[in-house]
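Peer 1: One structure, as structure tokens, below. Some questions next.
The values are calculated or read from the model by the stated rules, or taken from the named source; none is laboratory data. It should be emphasised that the depicted structure is a prediction, and the values quoted were computed from it without experimental measurement. For neighbour counting, all protein chains shown are included, and Cβ atoms are generated from backbone atoms with ideal geometry for every residue, glycine included. To get the accessible areas, we keep the full protein, side chains included, count just its heavy atoms, and leave off ligands, DNA and RNA. Shrake-Rupley method; radii C 1.70, N 1.55, O 1.52, S 1.80 Å.
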Amino acid sequence: MKISVIAHPNSKKPRIENDLLDTLHVYVNQPPLEGKANKAVILALAEYFQVKKGNVLLISGEKSKHKQFEILKS
């Protein structure tokens, strides 16, 4: 399953919210340096979808707030 995500690094309250356009907003408290925020988003999505973190693949948007992920259900 492919999903669109908007990442919000350096957030004070980590959480995941869904907007009206079915885009997930993932708030993480990690900074957007050296891939730390991307790793935190992957962990948050893995917990949200109840899959292993290896089943959450970043397809595009490595250096952008707008990201595409693929969630592999196994």
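Peer 1: Could you give the longest part of the chain that holds none of the trypsin sites (Lys or Arg not before Pro) found in DSSP loops with at most 16 neighbouring Cβ atoms within 10 Å?
Peer 2: 13-51
Peer 1: Loop only per DSSP, at most 11 neighbouring Cβ atoms within 10 Å: give me the GluC sites (Glu not before Pro) in the chain, ordered by residue number. Walk me through the intermediate numbers first.
Peer 2: Numbers: sites: GLU17, GLU34, GLU47, GLU62, GLU70; in loops: GLU34, GLU62.
Listed in order of number, the matching sites are GLU34, GLU62.
Peer 1: Using a 1.4 Å probe, what is the accessible area per residue for the chain, in Å²?
Peer 2: 70
Peer 1: Before rounding to the nearest 500, sum -39500 (n - 2.57) across all DSSP H runs of length at least 4 in the chain and divide by the residue total; then give [θ] at 222 nm in deg cm²/dmol.
Peer 2: Details: 1 runs with 14 residues, N = 74.
Mean residue ellipticity at 222 nm (helix-derived): -6000 deg cm²/dmol.
Peer 1: With all protein chains present, calculate the accessible area of SER74 using a 1.4 Å probe and round the result to the nearest 10 Å².
Peer 2: Here the accessible area works out near 140 Å².
Peer 1: Net charge within 10 Å of MET1 by Cβ-Cβ distance, Lys/Arg positive one each and Asp/Glu negative one each, not counting MET1 itself?
Peer 2: Taking every Cβ under 10 Å from that of MET1, the sum is +1.
Peer 1: Can I ask one more? Along the Cα→Cβ direction, 7 angstrom out, place labels at SER64 and TYR48. What is the inter-label distance in nm?
Peer 2: My value for the distance between the label points is 1.8 nm.
Peer 1: Mind listing the phi-derived Karplus ³J(HN,Hα) values for the stretch 50-55, rounded to whole Hz, using 6.51, -1.76 and 1.60 with θ = phi - 60°, and x for any glycine or proline?
Peer 2: 6, 10, 6, 5, x, 8
Peer 1: Select from LEU45, LEU57, LEU20 the residue whose mean-square fluctuation is largest in a Gaussian network model of the chain (Cα-Cα springs shorter than 10 Å).
Peer 2: Of the options given, LEU20 has the highest mean-square fluctuation.
Peer 1: When DSSP beta bridges are limited to those with both residues in the chain, what percentage is antiparallel, rounded to the nearest 5? Before the final figure, lay out each step's value.
Peer 2: Details: 13 of 17 bridges.
Of those bridges, close to 75 percent are antiparallel.
Peer 1: Still on this model: If amide hydrogens are placed 1.01 Å from N in the peptide plane, which non-local residues have theirs closer than 5 Å to the one on GLN30?
Peer 2: Amide H neighbours of GLN30, under 5 Å, 5+ apart: ASN10, SER11.
Peer 1: Show which lysines lie in cross-link reach of LYS36 when reach means a straight Cα distance below 17 angstrom and same-chain residues fewer than eight apart are skipped.
Peer 2: Output for LYS36: LYS12, LYS13, LYS53, LYS63, LYS65, LYS67.
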